[in-house]
Amino acid sequence: MLQPELRAIFLDRIFVGLHAGFAFYNVSMSNWDFRYQDTDGRRPLWNIGIAVGYRMPFKPDCRWGFEVSIGFGYANMLSDRYYNVPNGKYIDTLHKNYWGIDQLNFSITYKIF
């Protein structure tokens, strides 16, 4: 997955961001009946959204810190569905539109400037 973000920072701690990205995927769990995969690697998941976050140094005048953020947005998925067994048979293609939380971040940061 690649999801770059542009940010506007307020009061040196609070930020608002705009992100867009795409992801190639092949997802299954042992207790699931089906496996979901992007359409033959030709059509990834696409998304766009906004995020809000807070960043804080570990101690005053320290370059190291942490940040936490949450993003809300839209994702468009076109997934091929297969039976969840080795070399499982193709079943169908599903199209999904998702609105909601699309990222949750906890990061350790280092301030360069």
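For the stretch 52-68, putting each phi into the Karplus relation 6.51 cos²θ - 1.76 cosθ + 1.60 with θ = phi - 60° gives couplings of 10, x, 9, 10, 7, x, 5, 8, x, 6, 9, 6, 7, x, 9, 9, 9 Hz, in residue order, rounded to whole numbers and with x for Gly and Pro. The HN-Hα couplings worked out from phi for the stretch 97-102 by the Karplus form 6.51 cos²θ - 1.76 cosθ + 1.60 (θ = phi - 60°) are 10, 10, 10, x, 5, 10 Hz, whole numbers, x standing for Gly and Pro.
Applying 0.36 nm per residue to the separation of His95 and Arg43 and subtracting their alpha-carbon distance, the gain on full extension is 17.6 nm.
Site pair Phe113 and Ala8 shows an inter-label distance of 1.9 nm when each label is modelled 7 Å from Cα along Cα→Cβ.
Across every pair of non-identical alpha carbons in the stretch 3-69, the mean reciprocal distance, once inverted, gives a Kirkwood radius of 14.9 Å.
Calculated accessible area for the stretch 14-85 comes out at 59 Å² per residue, all protein chains present (probe 1.4 Å; ligands, DNA, RNA ignored).
The values are calculated or read from the model by the stated rules, or taken from the named source; none is laboratory data. Computed from a predicted model, the values in this text were never measured in an experiment. Because the Cβ atoms are built from the backbone with ideal geometry, glycine has one as well, and the counts that use them run over all protein chains shown. Accessible surface is based on the protein model in full, side chains and every heavy atom, while ligands, DNA and RNA are left aside. Shrake-Rupley method; radii C 1.70, N 1.55, O 1.52, S 1.80 Å.
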